[in-house]
Protein chains: 2
Amino acid sequence: MVRKPATLKDVAALANVSRATAARALNSYGYVGDETAQKVQAAAEKLGYRGNRLAQALRSGQLPIVGCILGDIQNPFFARIAHDIEVLARECGHNLVIGSSKEELDQEISLLASLRSLSIRGFIVAPTSADNNAHLKDLIAENVPLVLIDRVAQGVDCDSVVVDNEGGARKAVEYLIAMGHHRIGLLQDDMRIFTSRERMSGYRAALAAGGIAPDDRMVSVSQSTVEHAVDATIRLFSQKSPPTALFTVDSLMTQGALLAFRSMGISIPHDVSLIGFDDFNLATFTDPQITVVSQPVSEIGRAAARLLFDRLSGKSDPPQKIRFETKLIVRGSVSRHSAG
Amino acid sequence: MVRKPATLKDVAALANVSRATAARALNSYGYVGDETAQKVQAAAEKLGYRGNRLAQALRSGQLPIVGCILGDIQNPFFARIAHDIEVLARECGHNLVIGSSKEELDQEISLLASLRSLSIRGFIVAPTSADNNAHLKDLIAENVPLVLIDRVAQGVDCDSVVVDNEGGARKAVEYLIAMGHHRIGLLQDDMRIFTSRERMSGYRAALAAGGIAPDDRMVSVSQSTVEHAVDATIRLFSQKSPPTALFTVDSLMTQGALLAFRSMGISIPHDVSLIGFDDFNLATFTDPQITVVSQPVSEIGRAAARLLFDRLSGKSDPPQKIRFETKLIVRGSVSRHSAG
DNA sequence: AAACAGTGTGAGATCGATCTCACATATATT
DNA sequence: AATATATGTGAGATCGATCTCACACTGTTT
């Protein structure tokens, strides 16, 4: 037996009033008699009435949902962000639709299109590509609230929350150089991605400042999964003269590098030094503990959500660009390299 | 300048036909003249018409969205599941709304209510409570497709996907007993949770089979986060006669236990043996590698999504209950205990 | 010529909630 | 008593897409 959810009409009928009056009673606006209001409340209660948000949304033009397009929820960094956004969204009476772009521009575009046709109120996006962003510009042109997170996109003028990727990478590599390393490997993501570019550029800047010529053989590109990172690390360290230190651009890659080193019998920090971008749960469990560049993960999602909901509630200040600092946390995965 | 999206009415006006005809042309049903159809297509093209899904949904009563309520996306187990569901949902032309219950029944109920008012087509839920599930029964009574995942709920007769929790836990504890352990600790989740119950019951069964009396002092309850698990482990191992082995019920707890042991100077497997339920990335990186009960994570989300979309496409077989096997993966975190 | 099938189109109802407007009453003010 | 003001309520329009129905027209069959 399929009983349909009760509609306002049902409530009105039961309370013996018009739909208009029922609506007034339930949403408390306009004039309603006390008695009438109570009758309506009781009727609504009895029928288990819950408004149909679709109908409400059709009138108001907007669904109480915000969309969030991230690279990959399986990355703990994004999982944390998604979680924080969801909590804040709920506080603001909104639900959250999550989509993974899998770092593919096509996915990002089609996902965005599909969410837009739902009349979703606003978006938080970690854009896959730093340049290719007509779809994001469209959003802005049509005045749909958008907050970029973790990454910004050229020519897209809107609120954003990122961290100091370049500074973080530079600090890490400078530290490696100060510890005597010259052949410093970089395990990085696709260069389309904003963070990858910035971290690469911090890496380059530190090398330059240390008088070290960049060497393409020291750089390996990998998708951001543990498995791909394992392979990329193995490639990097199978060369005749492999790096003596490695900087990885996210925690999944760091974990991949750890597993690769283990399988190759390379020991940290004896054979190779390691610094990862983004801290992770077990970074302090491994032996040695892993030195990392940490970012304030718990702030990022909340900050982005706050920006978005400010916009949704009508704020129209110029776009706000938040940039959090990163911090080098020195543990035990880097050792001094006696010059060679 | 905020240009509103074009409506069917606009298209019809531009093409000089009625809304009905425009709809027929665009959705290709009923009779439409060739010429007329082309005029309409052209008009739609020109205006960049994309149908308003809200309006469509209001008529059809359903939005192409499925909802998914999990314990916590930050748990890699759920993150993986969410990811797999999202991929399959997209293939089926649906979007995915994700909510975290944070293992609180209230959250689960309010989240469900909020999603239901959106006229979402179906749900995949990991119920927080094994008993308290009137809200789930409501779904079934109202014929809303529901798939339970990771956990089932009493009296809720619907599709479900779980693993053999009891068997997995029993195998783990039997193995510990076979290795000479008697004081076997259990680090578990709240007993409201189905998996917790089942794993507990496997633990008990193994103890009983091994002739070991259950001892409440060997059991510690913790929320499923690394931080809480650290505390719970410390409590458990601060007793006068602590366990010689520990079984943890999920990977976050396993990680918490590892961190706790490190901070207490307890070494694995020398001082204590450890088996965790649910494998994790770094389980093979730690020294020793961690012995775990693994579950086929990559199957679970996909199986659940498939069941759900089968229902959505009208299948009305009796509910299907899928139960995957678990596997004890012996690594190096368990050592033989010389009887004491 | 009459009846019928096939083709093409538009008017209007519908989904459910909300809002405007008009119309009642009741009380207060001149 | 006449007018103004406050208070309650309902009829009907609206949001955008879709669907039913009625109506028209062509061509075929008796």
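The values are calculated or read from the model by the stated rules, or taken from the named source; none is laboratory data. This structure is a prediction, so every number in the text was calculated from the model and none was measured. Using ideal geometry, Cβ is built from the backbone for each residue, glycine included, and neighbour counts are taken over all protein chains shown. The accessibility values were calculated without ligands, DNA or RNA, using every heavy atom of the protein model including side chains. Shrake-Rupley method; radii C 1.70, N 1.55, O 1.52, S 1.80 Å.
Points to keep in mind about this one:
- Some residue of the range A:66-83 being over 38 Å from the mean Cα position of the chain (by Cα), closer than 26 Å to B:GLY99 by Cβ and more than 10 Å from chain B (Cβ to nearest Cβ): no
- Sole residue being away from DNA strand D (no atom under 12 Å from the Cβ), part of a helix (DSSP H, G or I) and not acidic (Asp, Glu), chosen from B:ALA23, B:ALA79: B:ALA79
- Considering only residues in the range B:1-20 that are of a type outside the set (S, T, N, Q) and outside any helix (DSSP H, G or I), the one that is farthest from DNA strand D (Cβ to nearest atom) turns out to be B:MET1.
- Residue among A:ILE234, A:ILE212 that is hydrophobic (A, V, I, L, M, F, W, C) and over 24 Å from A:GLN289 (Cα atoms): A:ILE212
- Matching residues in the range A:26-66 - criterion: being more than 9 Å from DNA strand D (Cβ to nearest atom) and of a type in the set (Asp, Glu): A:GLU45
- Scanning the range A:16-32 for residues that are farther than 23 Å from B:ARG116 by Cβ and not hydroxyl-bearing (Ser, Thr, Tyr) yields A:ASN16, A:VAL17, A:ALA20, A:ARG24, A:GLY30, A:VAL32.
- Residues of the range A:281-304 that turn out to be open to solvent by 10 Å² or more (accessible area, probe 1.4 Å) and modelled with pLDDT under 95, as a count: 6
- In the range A:312-330, the residues that are modelled with pLDDT under 95 and more than 14 Å from chain B (Cβ to nearest Cβ): A:LEU312, A:SER313, A:LYS315, A:ASP317
- Annotation note: of A:ASN52, A:ASN75, the sole residue that is open to solvent by 30 Å² or more (accessible area, probe 1.4 Å) and either touching a residue at least 40 places away in the same chain (Cβ under 8 Å) or aromatic (Phe, Trp, Tyr) (or both) is A:ASN52.
- Qualifying residue in the range A:85-100 (condition: away from chain B (no Cβ under 11 Å), open to solvent by 30 Å² or more (accessible area, probe 1.4 Å), away from DNA strand D (no atom under 16 Å from the Cβ) and outside any helix (DSSP H, G or I)): yes
- The residues of the range B:28-71 that are in a strand (DSSP E or B) and away from DNA strand C (no atom under 14 Å from the Cβ), listed by number, are B:PRO64, B:ILE65, B:VAL66, B:GLY67, B:CYS68, B:ILE69, B:LEU70.
- Test: residue in the range A:39-46 that is facing chain B (nearest Cβ under 10 Å) and either open to solvent by less than 10 Å² (accessible area, probe 1.4 Å) or among the small types (Gly, Ala, Ser) (or both): no
- B:VAL272 open to solvent by less than 10 Å² (accessible area, probe 1.4 Å) and closer than 30 Å to B:VAL87 by Cα: no
- Every condition in (1) among the polar types (S, T, N, Q); (2) surrounded by 18 or more Cβ atoms within 10 Å (Cβ to Cβ); (3) within 31 Å of the chain's Cα centre (by Cα) is met by B:THR21 except one, and the failing one is (3).
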